[in-house]
Amino acid sequence: MKKINRLLLTLFALGLAVSATAAPTKHLNIYCWSEYIPQPIVDQFSKETGVKVTVENYASNEEMLSKLAAGGGEYDIIQPSEYVIEALVKEKVLHSLDRSKIPNLKNIDPQFLNQAFDPGNKFSVPFMAGTVGIIVNTDLIKDDIRGYADVFKPENKGKIVVLDDAREIVTWALLANGLNINQITDKSLNKIKPTLEQWLPLVKVYDSDSPKTALLNGDVAIGVVWGGEGAILTNKNKKFRWVIPSEGTHLFIDSLAIPKTAKNVENAEAFMNFILRPEISKQISDEFPYLNPNLAARELMSKKQLENPASFPVEEELKKMSLFKDIGTKGSDVEELITTLKAQ
Ligand code: N2P
(Lines give C-alpha, C1' and ligand atoms only; values in the text may rest on other atoms or scores of the structure.)
Protein backbone atom coordinates (compact mmCIF):
# COMPACT_ATOMS: atom_id res chain seq x y z
CA MET A 1 0.00 0.00 0.00
CA LYS A 2 2.81 2.36 0.97
CA LYS A 3 4.53 1.53 -2.30
CA ILE A 4 1.41 2.42 -4.27
CA ASN A 5 1.05 5.73 -2.41
CA ARG A 6 4.63 6.62 -3.19
CA LEU A 7 4.10 5.74 -6.85
CA LEU A 8 0.99 7.93 -7.02
CA LEU A 9 2.86 10.78 -5.37
CA THR A 10 5.70 10.52 -7.87
CA LEU A 11 3.26 10.46 -10.80
CA PHE A 12 1.45 13.51 -9.39
CA ALA A 13 4.74 15.40 -9.00
CA LEU A 14 5.74 14.46 -12.53
CA GLY A 15 2.39 15.68 -13.84
CA LEU A 16 2.85 19.02 -12.08
CA ALA A 17 6.35 19.37 -13.49
CA VAL A 18 5.12 18.65 -17.02
CA SER A 19 2.22 21.10 -16.82
CA ALA A 20 4.50 23.78 -15.36
CA THR A 21 7.04 23.54 -18.19
CA ALA A 22 4.90 22.80 -21.27
CA ALA A 23 3.80 26.05 -22.89
CA PRO A 24 0.09 26.15 -23.68
CA THR A 25 -0.68 25.56 -27.37
CA LYS A 26 -0.94 28.78 -29.34
CA HIS A 27 -3.79 29.05 -31.81
CA LEU A 28 -4.85 31.05 -34.84
CA ASN A 29 -8.21 30.69 -36.57
CA ILE A 30 -8.31 32.05 -40.09
CA TYR A 31 -11.53 32.57 -42.07
CA CYS A 32 -10.60 33.44 -45.65
CA TRP A 33 -11.63 33.19 -49.30
CA SER A 34 -11.08 29.79 -50.87
CA GLU A 35 -8.01 29.40 -53.09
CA TYR A 36 -6.28 32.48 -51.73
CA ILE A 37 -3.85 31.48 -48.94
CA PRO A 38 -1.78 28.45 -50.01
CA GLN A 39 -1.64 25.68 -47.40
CA PRO A 40 2.22 25.47 -47.47
CA ILE A 41 2.30 29.13 -46.34
CA VAL A 42 0.09 28.31 -43.38
CA ASP A 43 2.24 25.25 -42.59
CA GLN A 44 5.44 27.29 -42.70
CA PHE A 45 3.96 29.85 -40.29
CA SER A 46 3.02 27.03 -37.90
CA LYS A 47 6.46 25.51 -38.14
CA GLU A 48 8.22 28.80 -37.42
CA THR A 49 6.00 29.94 -34.58
CA GLY A 50 4.53 26.79 -33.08
CA VAL A 51 1.08 28.29 -33.61
CA LYS A 52 -1.63 25.76 -34.46
CA VAL A 53 -3.58 27.24 -37.36
CA THR A 54 -7.05 26.32 -38.52
CA VAL A 55 -8.33 27.61 -41.84
CA GLU A 56 -11.94 27.84 -42.92
CA ASN A 57 -12.99 29.13 -46.34
CA TYR A 58 -15.82 31.17 -47.77
CA ALA A 59 -16.89 31.97 -51.32
CA SER A 60 -18.24 35.48 -50.86
CA ASN A 61 -18.05 38.44 -48.53
CA GLU A 62 -21.72 38.00 -47.77
CA GLU A 63 -21.24 34.37 -46.71
CA MET A 64 -18.49 35.49 -44.33
CA LEU A 65 -20.61 38.32 -42.93
CA SER A 66 -23.61 36.15 -42.25
CA LYS A 67 -21.44 33.64 -40.41
CA LEU A 68 -19.89 36.43 -38.32
CA ALA A 69 -23.31 37.89 -37.58
CA ALA A 70 -24.63 34.50 -36.50
CA GLY A 71 -21.78 34.36 -33.99
CA GLY A 72 -20.44 31.20 -35.60
CA GLY A 73 -16.72 30.49 -35.39
CA GLU A 74 -14.18 32.29 -33.31
CA TYR A 75 -12.04 33.88 -35.95
CA ASP A 76 -8.79 35.74 -35.41
CA ILE A 77 -8.37 36.77 -39.04
CA ILE A 78 -10.93 37.50 -41.73
CA GLN A 79 -10.29 38.61 -45.30
CA PRO A 80 -12.96 41.06 -46.47
CA SER A 81 -13.02 43.15 -49.64
CA GLU A 82 -12.87 46.93 -49.47
CA TYR A 83 -16.62 47.64 -49.14
CA VAL A 84 -16.91 45.15 -46.31
CA ILE A 85 -13.94 46.60 -44.43
CA GLU A 86 -15.76 49.93 -44.79
CA ALA A 87 -18.93 48.47 -43.23
CA LEU A 88 -17.08 46.66 -40.43
CA VAL A 89 -15.10 49.80 -39.55
CA LYS A 90 -18.38 51.75 -39.36
CA GLU A 91 -19.82 49.08 -37.09
CA LYS A 92 -16.72 49.29 -34.90
CA VAL A 93 -16.24 45.54 -34.85
CA LEU A 94 -12.59 45.42 -35.95
CA HIS A 95 -9.57 45.39 -33.68
CA SER A 96 -7.31 48.40 -34.04
CA LEU A 97 -3.97 47.03 -35.29
CA ASP A 98 -0.69 47.43 -33.45
CA ARG A 99 1.39 48.68 -36.38
CA SER A 100 4.66 48.08 -34.51
CA LYS A 101 3.89 44.35 -34.89
CA ILE A 102 3.46 44.67 -38.65
CA PRO A 103 6.62 46.41 -39.89
CA ASN A 104 6.40 44.61 -43.26
CA LEU A 105 3.49 46.85 -44.15
CA LYS A 106 6.25 49.03 -45.60
CA ASN A 107 6.39 46.57 -48.53
CA ILE A 108 2.92 47.52 -49.75
CA ASP A 109 2.54 49.86 -52.70
CA PRO A 110 1.29 53.18 -51.24
CA GLN A 111 -1.40 53.14 -53.96
CA PHE A 112 -3.14 50.41 -51.98
CA LEU A 113 -2.76 52.00 -48.56
CA ASN A 114 -4.72 54.73 -46.83
CA GLN A 115 -7.87 54.10 -48.86
CA ALA A 116 -11.19 55.73 -48.04
CA PHE A 117 -12.51 52.43 -46.65
CA ASP A 118 -9.82 52.44 -43.94
CA PRO A 119 -7.89 55.72 -43.71
CA GLY A 120 -4.45 55.15 -42.20
CA ASN A 121 -4.93 51.35 -42.36
CA LYS A 122 -5.89 51.30 -38.73
CA PHE A 123 -7.82 48.06 -39.16
CA SER A 124 -6.70 46.33 -42.33
CA VAL A 125 -3.64 45.06 -44.16
CA PRO A 126 -3.90 44.61 -47.95
CA PHE A 127 -3.54 40.95 -48.98
CA MET A 128 -4.27 40.94 -52.72
CA ALA A 129 -6.06 43.16 -55.17
CA GLY A 130 -7.58 42.11 -58.45
CA THR A 131 -10.22 42.57 -61.04
CA VAL A 132 -13.11 40.72 -62.56
CA GLY A 133 -13.03 40.05 -66.28
CA ILE A 134 -14.00 37.80 -69.13
CA ILE A 135 -12.19 34.61 -70.03
CA VAL A 136 -12.80 33.11 -73.45
CA ASN A 137 -11.93 29.66 -74.77
CA THR A 138 -11.05 30.79 -78.29
CA ASP A 139 -11.21 27.21 -79.62
CA LEU A 140 -14.91 27.22 -78.88
CA ILE A 141 -15.93 30.87 -79.21
CA LYS A 142 -14.93 32.56 -82.43
CA ASP A 143 -16.76 35.88 -81.94
CA ASP A 144 -14.85 38.98 -80.91
CA ILE A 145 -15.72 39.31 -77.22
CA ARG A 146 -15.27 42.76 -75.76
CA GLY A 147 -17.78 43.18 -72.98
CA TYR A 148 -20.58 41.69 -70.87
CA ALA A 149 -23.07 42.28 -73.69
CA ASP A 150 -21.03 39.90 -75.91
CA VAL A 151 -20.89 37.20 -73.22
CA PHE A 152 -24.59 37.14 -72.42
CA LYS A 153 -25.89 36.46 -75.91
CA PRO A 154 -28.51 33.79 -76.68
CA GLU A 155 -25.98 31.78 -78.75
CA ASN A 156 -23.85 31.34 -75.62
CA LYS A 157 -26.68 29.72 -73.66
CA GLY A 158 -25.36 26.82 -71.61
CA LYS A 159 -21.74 27.77 -72.29
CA ILE A 160 -21.22 30.33 -69.54
CA VAL A 161 -19.70 30.19 -66.06
CA VAL A 162 -19.98 33.20 -63.76
CA LEU A 163 -19.01 34.04 -60.21
CA ASP A 164 -21.65 33.06 -57.69
CA ASP A 165 -21.68 36.56 -56.27
CA ALA A 166 -24.76 38.78 -56.32
CA ARG A 167 -22.94 42.10 -55.92
CA GLU A 168 -20.63 41.22 -58.83
CA ILE A 169 -23.43 40.10 -61.15
CA VAL A 170 -25.49 43.21 -60.39
CA THR A 171 -22.39 45.31 -61.13
CA TRP A 172 -22.05 43.86 -64.64
CA ALA A 173 -25.69 44.64 -65.39
CA LEU A 174 -25.35 48.17 -63.99
CA LEU A 175 -22.31 48.78 -66.20
CA ALA A 176 -24.03 47.31 -69.26
CA ASN A 177 -26.83 49.83 -68.64
CA GLY A 178 -24.41 52.73 -68.24
CA LEU A 179 -25.13 53.06 -64.50
CA ASN A 180 -22.81 53.77 -61.58
CA ILE A 181 -21.86 50.56 -59.78
CA ASN A 182 -22.14 52.12 -56.35
CA GLN A 183 -25.45 53.89 -56.81
CA ILE A 184 -27.70 51.03 -55.92
CA THR A 185 -31.26 52.23 -55.48
CA ASP A 186 -34.69 50.72 -56.07
CA LYS A 187 -34.70 52.64 -59.33
CA SER A 188 -31.35 51.32 -60.60
CA LEU A 189 -32.22 47.76 -59.54
CA ASN A 190 -35.53 47.98 -61.40
CA LYS A 191 -33.77 49.32 -64.44
CA ILE A 192 -31.33 46.40 -64.64
CA LYS A 193 -33.88 43.69 -63.86
CA PRO A 194 -34.80 43.06 -67.53
CA THR A 195 -31.09 42.70 -68.38
CA LEU A 196 -30.61 40.14 -65.61
CA GLU A 197 -33.79 38.33 -66.68
CA GLN A 198 -32.20 37.84 -70.08
CA TRP A 199 -28.72 36.99 -68.81
CA LEU A 200 -29.19 34.54 -65.97
CA PRO A 201 -31.05 31.80 -67.89
CA LEU A 202 -28.00 31.64 -70.21
CA VAL A 203 -25.64 30.71 -67.35
CA LYS A 204 -24.66 27.06 -66.94
CA VAL A 205 -22.39 27.21 -63.87
CA TYR A 206 -22.24 29.57 -60.88
CA ASP A 207 -18.92 29.15 -59.12
CA SER A 208 -16.86 31.59 -57.09
CA ASP A 209 -14.43 29.05 -55.62
CA SER A 210 -12.93 27.67 -58.82
CA PRO A 211 -14.67 28.86 -61.98
CA LYS A 212 -11.57 27.72 -63.91
CA THR A 213 -12.61 24.09 -63.41
CA ALA A 214 -15.66 24.26 -65.70
CA LEU A 215 -13.56 26.03 -68.34
CA LEU A 216 -10.69 23.55 -68.08
CA ASN A 217 -12.87 20.49 -68.42
CA GLY A 218 -14.76 22.00 -71.34
CA ASP A 219 -18.12 22.19 -69.55
CA VAL A 220 -18.36 25.84 -70.55
CA ALA A 221 -16.62 28.03 -73.13
CA ILE A 222 -16.68 31.50 -71.62
CA GLY A 223 -16.85 33.06 -68.19
CA VAL A 224 -16.87 36.15 -66.04
CA VAL A 225 -14.36 35.35 -63.31
CA TRP A 226 -11.74 36.68 -60.85
CA GLY A 227 -8.51 37.90 -62.46
CA GLY A 228 -6.43 35.27 -60.63
CA GLU A 229 -8.55 32.51 -62.15
CA GLY A 230 -8.11 34.10 -65.58
CA ALA A 231 -4.33 34.24 -65.07
CA ILE A 232 -4.18 30.53 -64.15
CA LEU A 233 -6.12 29.65 -67.29
CA THR A 234 -4.06 31.80 -69.69
CA ASN A 235 -0.88 30.35 -68.14
CA LYS A 236 -2.16 26.81 -68.64
CA ASN A 237 -3.31 27.08 -72.22
CA LYS A 238 -2.99 29.65 -74.98
CA LYS A 239 -6.53 29.01 -76.15
CA PHE A 240 -7.77 31.06 -73.17
CA ARG A 241 -7.95 34.80 -73.70
CA TRP A 242 -8.47 37.39 -70.96
CA VAL A 243 -10.67 40.37 -71.76
CA ILE A 244 -11.24 43.41 -69.59
CA PRO A 245 -14.90 44.27 -70.12
CA SER A 246 -15.31 47.39 -72.25
CA GLU A 247 -18.19 48.56 -70.02
CA GLY A 248 -15.86 48.69 -66.97
CA THR A 249 -15.32 46.44 -63.98
CA HIS A 250 -14.63 46.09 -60.28
CA LEU A 251 -11.17 46.55 -58.81
CA PHE A 252 -11.13 44.77 -55.47
CA ILE A 253 -8.73 45.12 -52.58
CA ASP A 254 -8.98 42.17 -50.22
CA SER A 255 -7.38 42.78 -46.85
CA LEU A 256 -6.71 40.93 -43.62
CA ALA A 257 -8.47 42.19 -40.51
CA ILE A 258 -8.96 41.04 -36.93
CA PRO A 259 -12.46 40.95 -35.43
CA LYS A 260 -12.70 42.51 -31.97
CA THR A 261 -13.89 39.15 -30.69
CA ALA A 262 -10.57 37.49 -31.66
CA LYS A 263 -8.86 35.53 -28.90
CA ASN A 264 -5.41 35.34 -30.51
CA VAL A 265 -4.63 38.89 -31.57
CA GLU A 266 -0.87 38.55 -31.17
CA ASN A 267 -0.74 35.50 -33.45
CA ALA A 268 -2.99 37.23 -35.96
CA GLU A 269 -0.68 40.24 -36.17
CA ALA A 270 2.32 37.92 -36.46
CA PHE A 271 0.59 36.16 -39.37
CA MET A 272 -0.15 39.48 -41.08
CA ASN A 273 3.50 40.44 -40.84
CA PHE A 274 4.52 36.97 -42.08
CA ILE A 275 2.45 37.10 -45.28
CA LEU A 276 3.88 40.54 -46.04
CA ARG A 277 7.42 39.14 -46.26
CA PRO A 278 8.56 39.48 -49.88
CA GLU A 279 9.37 35.80 -50.43
CA ILE A 280 6.16 34.61 -48.76
CA SER A 281 4.01 37.05 -50.69
CA LYS A 282 5.71 35.95 -53.92
CA GLN A 283 4.87 32.32 -53.12
CA ILE A 284 1.23 33.34 -52.70
CA SER A 285 1.32 34.96 -56.15
CA ASP A 286 2.95 31.86 -57.64
CA GLU A 287 -0.06 29.81 -56.64
CA PHE A 288 -2.85 32.39 -56.83
CA PRO A 289 -1.78 35.04 -59.35
CA TYR A 290 -3.77 38.11 -58.34
CA LEU A 291 -2.67 41.75 -58.42
CA ASN A 292 -0.06 41.60 -55.70
CA PRO A 293 0.17 44.98 -53.91
CA ASN A 294 3.49 44.00 -52.29
CA LEU A 295 6.23 45.88 -54.17
CA ALA A 296 9.07 43.95 -52.52
CA ALA A 297 7.41 40.68 -53.63
CA ARG A 298 6.97 42.01 -57.15
CA GLU A 299 10.72 42.50 -57.34
CA LEU A 300 11.10 38.75 -56.95
CA MET A 301 8.51 37.90 -59.57
CA SER A 302 9.22 37.02 -63.20
CA LYS A 303 8.47 39.28 -66.15
CA LYS A 304 5.92 36.67 -67.27
CA GLN A 305 4.08 36.92 -63.96
CA LEU A 306 4.11 40.71 -63.93
CA GLU A 307 2.98 40.96 -67.53
CA ASN A 308 0.00 38.67 -67.23
CA PRO A 309 -2.87 41.11 -67.92
CA ALA A 310 -5.31 39.06 -65.84
CA SER A 311 -3.11 39.59 -62.78
CA PHE A 312 -1.73 43.05 -63.45
CA PRO A 313 -3.90 45.29 -65.62
CA VAL A 314 -1.96 48.17 -67.12
CA GLU A 315 -2.26 51.59 -65.47
CA GLU A 316 -4.64 52.91 -68.11
CA GLU A 317 -7.07 50.02 -67.58
CA LEU A 318 -6.75 50.27 -63.81
CA LYS A 319 -7.95 53.85 -63.93
CA LYS A 320 -11.22 52.75 -65.50
CA MET A 321 -12.00 50.30 -62.70
CA SER A 322 -13.80 51.15 -59.48
CA LEU A 323 -13.80 49.88 -55.94
CA PHE A 324 -17.10 48.90 -54.34
CA LYS A 325 -18.57 51.10 -51.63
CA ASP A 326 -20.60 49.88 -48.71
CA ILE A 327 -24.26 49.99 -49.80
CA GLY A 328 -25.70 49.30 -46.34
CA THR A 329 -29.12 47.66 -46.29
CA LYS A 330 -29.33 47.74 -50.09
CA GLY A 331 -26.96 44.75 -49.95
CA SER A 332 -29.84 42.49 -49.03
CA ASP A 333 -31.92 43.80 -51.97
CA VAL A 334 -29.05 42.85 -54.28
CA GLU A 335 -28.89 39.35 -52.77
CA GLU A 336 -32.64 38.94 -53.01
CA LEU A 337 -32.84 40.08 -56.62
CA ILE A 338 -30.23 37.57 -57.77
CA THR A 339 -31.58 34.70 -55.65
CA THR A 340 -35.07 35.24 -57.05
CA LEU A 341 -33.91 35.47 -60.65
CA LYS A 342 -31.69 32.40 -60.33
CA ALA A 343 -34.65 30.39 -59.08
CA GLN A 344 -36.80 31.28 -62.11
C1 N2P B 1 -9.88 33.98 -54.40
C2 N2P B 1 -11.06 34.83 -54.43
C3 N2P B 1 -10.84 36.21 -54.90
C4 N2P B 1 -11.62 37.13 -54.07
N5 N2P B 1 -10.21 32.66 -54.71
C6 N2P B 1 -12.21 38.26 -54.79
N7 N2P B 1 -12.57 39.30 -53.91
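Just so you know, the Cα atoms of region 80-172 work out to an Rg and Dmax of 19.0, 56 Å. Derived scalar couplings between HN and Hα for region 255-264 equal 10, 9, 9, 10, x, 4, 7, 4, 9, 10 Hz in order, rounded to whole Hz, by the Karplus curve 6.51 cos²θ - 1.76 cosθ + 1.60 (θ = phi - 60°), x for Gly and Pro.
Region 250-344 gives an Rg/Rh value of 1.08, both radii derived from C-alpha positions and Rh following Kirkwood. In this structure Trp226 has an accessible area near 20 Å², from a 1.4 Å probe over the protein heavy atoms.
Decide, for region 125-274, between rounded, prolate and oblate: order the square roots of the alpha carbon gyration tensor eigenvalues as a ≥ b ≥ c, take rounded if a/c falls under 1.5, and otherwise choose prolate if a/b is larger than b/c, else oblate. The shape class here is oblate. The residues packed around Asn114, meaning those with a beta-carbon under 14 Å from its beta-carbon, carry a net charge of -1 if Lys and Arg are +1 and Asp and Glu are -1.
Legend: translational diffusion of region 209-291 by Stokes-Einstein, Rh = Kirkwood radius over C-alpha pairs, 25 °C, 0.890 mPa s; D = 159 µm²/s. Rolled with a 1.4 Å probe across the full set of protein chains, the surface gives Arg99 an accessible area near 120 Å². Compactness ratio for the chain: Cα radius of gyration over 2.2 N^0.38 Å (N = residue count) comes to 1.14. Residues in region 89-168 average 45 Å² of solvent-accessible surface per residue, probe 1.4 Å, ligands and nucleic acids excluded. Please list, by residue number, everything in region 297-329 whose backbone N is under 14 Å from a paramagnetic label point 7 Å out along Cα→Cβ of Asp144. Answer for region 297-329: none. As a length-normalised measure over Cα pairs under 8 Å and 6 or more apart, the relative contact order of the chain settles at 27 percent. Taking only Cα atoms, what is the 0 to 90° angle, nearest 10, from helix 265-275's long axis to the longest principal axis of the chain? Approximately 50 degrees, to the nearest 10. Would you work out the Kirkwood radius for region 39-114? I mean one over the mean of 1/r across all pairs of different Cα atoms, in Å. 14.9 Å is the Kirkwood radius here. In this view, the solvent-accessible surface of Val265, computed with a 1.4 Å probe and all protein chains in place, comes to about 40 Å². Based on every Cα atom in region 137-201, Rg and the maximum pairwise Cα distance Dmax equal 12.6, 41 Å. Taken as Cα centroids, region 199-221 and region 51-122 sit 29 Å apart, rounded to the nearest whole angstrom. Remark: for residue pairs Lys260/Lys330; Lys52/Lys260; Lys26/Lys319, the C-alpha separation exceeds 32 Å in Lys26/Lys319.
Nearest 0.05, what FRET efficiency do Glu287 and Val93 give at R0 = 41 Å with Cβ-Cβ as r? That gives a FRET efficiency of 0.85. Within the accessible surface of the chain, defined with a 1.4 Å probe on protein heavy atoms only, the carbon and sulfur portion equals 54 percent.
Taking every alpha-carbon pair in region 173-228 and binning the separations at 5 Å intervals from zero gives 4, 16, 22, 17, 18, 14, 7, 2 percent.
Considering the chain as a Gaussian network with a 10 Å cut-off on Cα pairs, which listed residue, Ile135, Ile258, Ile184, attains the greatest mean-square fluctuation? Greatest mean-square fluctuation among the candidates belongs to Ile184.
Within region 121-161, the proportion of Cα pairs with more than 16 Å between them is 48 percent.
The dipole here belongs to the chain: it is taken about the Cα centre, uses +1 on the Cβ of Lys and Arg and -1 on the Cβ of Asp and Glu, and is about 920 debye. Between exposed GluC sites (Glu not before Pro) in the chain, where DSSP calls loop and at most 16 other Cβ atoms lie within 10 Å, what's the longest gap? In short, 92-298. By DSSP, the beta bridges lying fully in the chain are antiparallel in about 55 percent of cases.
The values are calculated or read from the model by the stated rules, or taken from the named source; none is laboratory data. Here the structure is a predicted model, which is why all the values come from computation and not from measurement. Note that we place each Cβ from the backbone using ideal geometry, even for glycine, and neighbour counts take in every protein chain shown. The area values use the complete protein model at the heavy-atom level, side chains included, leaving out ligands, DNA and RNA. Shrake-Rupley method; radii C 1.70, N 1.55, O 1.52, S 1.80 Å.
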